[in-house]
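The next block holds one structure in the form of structure tokens; read it before the comments.
The values are calculated or read from the model by the stated rules, or taken from the named source; none is laboratory data. Everything numeric in this text was worked out from a predicted model, so none of it was measured. Glycine gets a Cβ as well: all are built from the backbone with ideal geometry, and neighbour counts include every protein chain shown.
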Amino acid sequence: MSDWFPKNISTFGGDIDSVFNLIFWIVGIGFLLGEVFIFYALFRFRRREGKKAEYVNGDLWPHVGWLIIPAAIILVLDLWIDFAGAKAYDRIKGDMPISDVVVKVDGKQFNWIITYPGPDGAFGTEDDLILENELHVPVNKVVKVLLGSKDVIHSFFVPVLRLKQDMLPGREIEAWFEATETGRYEIACAELCGYGHYTMRGFLSVHSEAEYANWLVERWPAPETEADGQQK
Amino acid sequence: MSEHGNGHAEPTSFLRKYVFSIDHKVIGKQYLFLSLFMALFGGLMAYYMRWQLAWPETAIPGAGWIPEPMAFGGIIPPEFYNALITLHGTIMVFFVGMPLLLGALGNYLVPLMIGADDMAFPRLNMMSFWTITTASLVLMASFFVEGGAASAGWTGYAPLSADPIHTGVGWGLNLWIMALALEFTSFLMGGINFLTTVVTMRVPGMTMFRLPLMVWMQITAAVLFMLSVGPLIAGAILLLLDRTVGTGFFIPERGGDPLLWQHLFWFFGHPEVYVVLLPGLGAIMEILPVFTRRPIFGYKTIVYSTIVAGALSFLVWAHHMFVSGIDPQIVMPFSITTILISVPFAVIIFAFMASLWGGSIRFTTPMLFAIGTIVTFIIGGVTGIFNGSAPVDIFIHDTYFVVAHFHFTLFPDVFLGGFAALYFWFPKMFGKMMNETLGKVHFWWTTITFNMVFIPMFLIGAGGHMRRIYNPLQYDFLKPMQDINIFITWSAVALLVGQLVFIFNFFWSMYRGKKAEDNPWEATTLEWAAAPTPPPHGNFETVPTVYHGPYEYSCPGQETDWQPQHVEKGSVAA
Amino acid sequence: MSEAIAMTEHQPTHEVKGRMGMWWFLASEIMTFGGFIAIYVLYRMASGGAWSSMAEHVSTLMGTINTVVLLTSSLTIVKAYEAIDKQDRKSAQRFLLITLILAFAFLGVKAIEYATEISNGYTPLTGIFWSFYFVMTGLHGLHVVGGIVAIGALYIMAIRGTLWNGTQKRVEYIGLYWHFVDIVWIFLFPLLYLSY
Amino acid sequence: MSDTGHAHPNYVAIWGWLLLLLFISLGAVYLPFSQGVTVTFIFIVAAVKACIVATYFMHLKFEESLVRYIAIIPVILFVIMTLTLIPDIGTR
């Protein structure tokens, strides 16, 4: 079913997709077995003349067979899913990898305010660059996004990156991604934020390294051409 | 001054008998009509939303009557769309699901099933009905105040809901909060009543483990509701003060914390899902034994599973908030409890399967709906695993995958289960049989179109289609899915139109239906076996005594294949 | 005693139903006040001590007086219940009256307190501590008002002599409610008046 | 003659204990302990007071077990809720 997913261009997107597929196969097979069983039972035990239903007398062993063993199987499968999920989750939300680029993204009714720290690597200084709805990042680099909001709760959702994170006013939440393909992709708001919620569309431009360097030079024509913000 | 069991005399005036009645059967029917009436509104709103999603910003057929500024010649603006999503959710959960399954079925059935002549507090019962009626009026009135109705989603996340400047909605949202508060009050009164009734008014011999499972489900639901709603009432008071007085409990600039509202909402919201779910499953548990002609499999196991699920439901709420910025440390524990909650529900489903096996199944309309509920509910159950897995939820949170998932749990439960219950208990309630042919047409039409609406939603959800989007054509990556959106809309129209069959059948049968016998389904529980049809004021002519469990069908060595609870079994042949 | 057995089987008297209903009601009330207290505690933790400067301005003296008043009223209503149990109508009536007076005294002190604070410029909008202070004590005050209505009704019934035809058990249920209001105050007092 | 089926404890003595505890917690505020210790102490005292009221004035001591569960389960739930929210709200 993950064929339906949008293209994945993020390093951790594959982890999410594979957990999805794992769950899909586990519950898909379980679901089919269950439904086939129900329809078979309905057919086989339909009402027929002269055939009386079997009484349930509450013996232990039928209980074990019908309820306890299947429930135990479900429990084992649950734990399997949990462990697979925990692994993927830890990769995404656990320790953050060392980032090459830091960008601040703030939600505002109904725009994305994207702030680059500039060559000095610090926010709130004069060389900050503020863009609306345009996020530019280099390919194959770890990008740290600092998510915040100016008014209500928004949600930073980049389908191709499998990245979604709510942005809360009054807090700064860190997220990261590493894009593996260049191109221009859409950013969407995933949390209802008012009447213009549906118009809150932004763009993620993933540049090749050379292109990104050019882009930086265009923005900051100063002598310093080092990739911005050598931070960790 | 009698709040006494059979103390109150039968009223004679019209007002006392049908309007301000304190008879639990009349109140149950009042709840039924209220919930069906509100369901019409909820359905109409769904239709407007679906049309807007399929053909954005075009005039919606049948929306021309909506006055400005809600709609302009049938074209709805985003503000009104947001009001529709908010009110659709609120109405369907709080004003259809709960009144139908707890209010109507609970009120009508619980006293009859335990052999009581009425609820423990009949006047309180009447008050709870009129409170929710007031709440419904307040909610509908909120459309007509300046600024329009609440438009912050049925979850009302702060600070969008906490300050009118964010939405432009003024009193509409205040009224929404008040309507919810009244609704909560109503069901708190109802919950106190149910629990007290079941604890104190069972007939002799009706031990807790001889209660029909419906009663177990009702009281578990009541306990869950009463224990979970308190913090949200506190939160709602604070939210209302934020909006009206100008305090800042949920507004970060004034020292508040918007995340707290989400915690309070979902601390209530998750148990609330089971509050709605359990009575629907309870109806299925009553119907299955009757039409398989064998006892339900694993009665006690079902009861214990329900209690375990109920207890666990208090420990899973943060799974609604995996991407909302909560501490990652608490995400995995919640993910684990969430996925574990599938175990008790799986046990209940396995018990249903085992109950079918070895039965002698009669495919009547209620039975068809019951089976339909189980078959579709399984889809809702298994798709919950996807949402419960924290990494997967990062992607599918707030997409149509979630929308499809919860409609696959609540629709089978509230509507398919509710229809099963109505077709099943209609003869007892109104003394007439419903038409079987129309019922079967209704069943097939409803289940098929329902699946046509919501299965494609899983696909577009997996494609990343966000929920609560006014116009999906804004996004390039959603444009290829527009054909599916149109398909969903046509299916939804078909689903809604199909309900006319039910409405016709319901009213036609009430007047023209075949007269029902006391126990047309040959059932064993007290409401069928011991009470006349329809039950008189006071329910039972003589107080029944209960001798065995509720589902004694096809007992070996008995003459008939059903032994009513109040009739002692004959000598069992060795 | 045989009546007691019969009622648990089928025909419950008021007593069992009323007490059970009241306890279920209190359970939901515990969760509501618990919600308020939880929110308050969490916010106060998050503020990192910044509230202490605001909390200094509440009147611990009046809070203490009110605690004593409420604790005493709890005593008097339970004495009323005891008196009813012992068929002592006269002292039951007297204890109800004392409870009622104490409840009014509580509201009176509260009113003075509110007036002083507001005139000193501490309103619900002064800061989040004061918002909590007014909301929580206000809601508690509303519960006291509700208690006054209920106890007042009982007292009027006692004067008229209608409290004794099987309805005297209501003193017990209202008493349960009143003790609950007392318990809420037992927690509000250190939360609002002592933790600075 | 009593028809409640349980004895009445000496309510005035209990009231005395409650007042004593009240003044102990008042006095604790003026003792030279750190704020954490004081706050912990006065809340323990408050919990004890609440338990005394519930046990004797609300006669939980004489009630059947169901009523005790009705009283205790909400308290447990609300404590669980508060503790769970500490990482999110309490230490934001």
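Quick one: which residue in B:22, B:27 is over 23 Å from residue B:500 (Cβ atoms), touching a helix residue (DSSP H, G or I) at 6+ places or on another chain (Cβ under 6 Å), surrounded by fewer than 24 Cβ atoms within 10 Å (Cβ to Cβ) and β-branched (Val, Ile, Thr)? It is B:22.
Across region B:251-272, the number of residues qualifying as part of a loop (DSSP other than H, G, I, E, B) and either more than 10 Å from chain A (Cβ to nearest Cβ) or farther than 16 Å from residue D:85 by Cα (or both) comes to 2. Can you name the residue in region C:145-160 that is farther than 17 Å from residue C:81 by Cβ and modelled with pLDDT of 95 or more and is also surrounded by the most Cβ atoms within 10 Å (Cβ to Cβ) among such residues? Across region C:145-160, the extreme among qualifying residues is C:148. List every residue pair whose Cβ atoms sit under 8 Å apart, with the two residues 6 or more apart in sequence or on different chains, where the first one lies in region B:474-487 and is on the phi < 0 side of the Ramachandran plot and the second, anywhere, is among the polar types (S, T, N, Q). Filtered contacts from region B:474-487: B:474/A:199.
Of A:150, A:164, all but one fail to be within 30 Å of residue B:84 (Cβ to Cβ), among the basic types (Lys, Arg) and free of Cβ contacts under 8 Å to residues at least 40 places away in the same chain; the exception is A:164. Condition test on residue B:91, is it buried (at least 23 other Cβ atoms within 10 Å of the Cβ), free of Cβ contacts under 8 Å to residues at least 60 places away in the same chain and in contact with a Gly (Cβ under 7 Å, 6 or more places away or on another chain)? It is true that residue B:91 is buried (at least 23 other Cβ atoms within 10 Å of the Cβ), free of Cβ contacts under 8 Å to residues at least 60 places away in the same chain and in contact with a Gly (Cβ under 7 Å, 6 or more places away or on another chain). Here residue B:380 meets the list (1) touching a Ser or Thr at 6+ places or on another chain (Cβ under 7 Å); (2) assigned to a helix (DSSP H, G or I); (3) of a type in the set (Gly, Ala, Ser); (4) facing another protein chain (nearest Cβ under 8 Å) almost entirely, failing just condition (4). The test for being over 26 Å from residue C:44 (Cα atoms), without any contact (Cβ under 8 Å) to a residue 24 or more places away in the chain and buried (at least 22 other Cβ atoms within 10 Å of the Cβ) holds for residue C:95.
Within region A:93-103, is even one residue in contact with a strand residue (DSSP E or B) (Cβ under 6 Å, 6 or more places away or on another chain), free of Cβ contacts under 8 Å to residues at least 60 places away in the same chain and closer than 30 Å to residue B:325 by Cβ? Yes. For region C:142-158, check the following and say yes or no: at least one residue is under 20 Å from residue C:67 (Cβ atoms) and over 20 Å from the mean Cα position of the chain (by Cα). Taking every residue of region C:142-158 in turn, none turns out to be under 20 Å from residue C:67 (Cβ atoms) and over 20 Å from the mean Cα position of the chain (by Cα).
Here is a yes/no grid of residues against (1) part of a loop (DSSP other than H, G, I, E, B); (2) at the interface with another protein chain (Cβ under 9 Å from one of its Cβ atoms):
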residue: B:276; (1), (2): no, no
residue: B:294; (1), (2): yes, yes
residue: B:309; (1), (2): no, no
residue: B:314; (1), (2): no, yes
residue: B:318; (1), (2): no, yes
residue: B:326; (1), (2): yes, yes
residue: B:329; (1), (2): no, yes
residue: B:336; (1), (2): no, yes
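Within the set B:209, B:194, B:225, B:143, the sole residue that is part of a helix (DSSP H, G or I), more than 19 Å from the chain's Cα centre (by Cα), aromatic (Phe, Trp, Tyr) and closer than 30 Å to residue B:297 by Cα turns out to be B:209. Evaluate region B:364-372: report whether one residue or more is in a loop (DSSP other than H, G, I, E, B), more than 23 Å from residue B:491 (Cα to Cα) and among the hydroxyl-bearing types (Ser, Thr, Tyr). Yes, the conditions are met somewhere in region B:364-372. Return the residues of region C:28-77 that are among the hydroxyl-bearing types (Ser, Thr, Tyr) and closer than 18 Å to residue D:42 by Cα; say none if nothing qualifies. The answer is C:40, C:52, C:59, C:60, C:64, C:67. Of the numbered criteria (1) modelled with pLDDT of 90 or more; (2) away from every other protein chain (no Cβ under 14 Å); (3) part of a loop (DSSP other than H, G, I, E, B), the one residue B:500 fails is (3). Checked against the criteria, residue D:78 counts as at the interface with chain C (Cβ under 8 Å from one of its Cβ atoms) and among the aromatic types (Phe, Trp, Tyr). Within the bounds of region B:412-421, is there any residue that is assigned to a helix (DSSP H, G or I), crowded, with 21+ Cβ neighbours inside 10 Å and within 14 Å of another protein chain (Cβ to nearest Cβ)? Yes, region B:412-421 contains at least one residue that is assigned to a helix (DSSP H, G or I), crowded, with 21+ Cβ neighbours inside 10 Å and within 14 Å of another protein chain (Cβ to nearest Cβ). No other residue among A:68, A:74 is facing chain B (nearest Cβ under 8 Å) and surrounded by 13 or more Cβ atoms within 10 Å (Cβ to Cβ) apart from A:74. Just one of (1) surrounded by fewer than 19 Cβ atoms within 10 Å (Cβ to Cβ); (2) under 28 Å from residue B:33 (Cβ atoms) fails for residue B:224. It is (1). Would a scan of region C:108-117 turn up a residue that is in contact (Cβ under 8 Å) with a residue 60 or more places away in the chain, within 23 Å of residue B:249 (Cα to Cα) and out of contact with any Pro (no Cβ under 6 Å at 6 or more places or on another chain)? Yes, region C:108-117 contains at least one residue that is in contact (Cβ under 8 Å) with a residue 60 or more places away in the chain, within 23 Å of residue B:249 (Cα to Cα) and out of contact with any Pro (no Cβ under 6 Å at 6 or more places or on another chain). Tell me yes or no: at least one residue of region B:539-546 is buried (at least 16 other Cβ atoms within 10 Å of the Cβ) and within 19 Å of residue B:290 (Cα to Cα). Yes, some residue in region B:539-546 is buried (at least 16 other Cβ atoms within 10 Å of the Cβ) and within 19 Å of residue B:290 (Cα to Cα). Scan region B:453-466 for residues that are surrounded by fewer than 20 Cβ atoms within 10 Å (Cβ to Cβ) and more than 8 Å from chain A (Cβ to nearest Cβ) and jot them down. Answer for region B:453-466, where residues must be surrounded by fewer than 20 Cβ atoms within 10 Å (Cβ to Cβ) and more than 8 Å from chain A (Cβ to nearest Cβ): B:455, B:456. The selection criterion, being at pLDDT 90 or above, assigned to a helix (DSSP H, G or I) and surrounded by fewer than 19 Cβ atoms within 10 Å (Cβ to Cβ), does not hold for residue C:76. Going through (1) within 7 Å of chain C (Cβ to nearest Cβ); (2) within 21 Å of residue C:21 (Cα to Cα) one by one, residue D:64 falls short only on (1).
Residues of region A:43-65 that are under 20 Å from residue B:306 (Cα atoms) and more than 9 Å from chain B (Cβ to nearest Cβ): A:60, A:64.
Just to be sure, is residue B:301 in a helix (DSSP H, G or I), more than 24 Å from residue C:31 (Cα to Cα) and within 11 Å of chain A (Cβ to nearest Cβ)? So residue B:301 passes the test. Checked against (1) under 30 Å from residue B:79 (Cβ atoms); (2) part of a helix (DSSP H, G or I); (3) of a type in the set (D, E, K, R), residue B:123 passes all but a single condition, namely (1). Among the residues of region A:106-120 satisfying the criterion of being not hydrophobic (A, V, I, L, M, F, W, C) and not in a strand (DSSP E or B), which is nearest to residue A:152 (Cα to Cα)? Within region A:106-120, the match that is nearest to residue A:152 (Cα to Cα) is A:109.
When residues in region B:257-308 are screened for being crowded, with 24+ Cβ neighbours inside 10 Å, over 17 Å from the mean Cα position of the chain (by Cα) and farther than 24 Å from residue B:527 by Cα, 10 of them pass.
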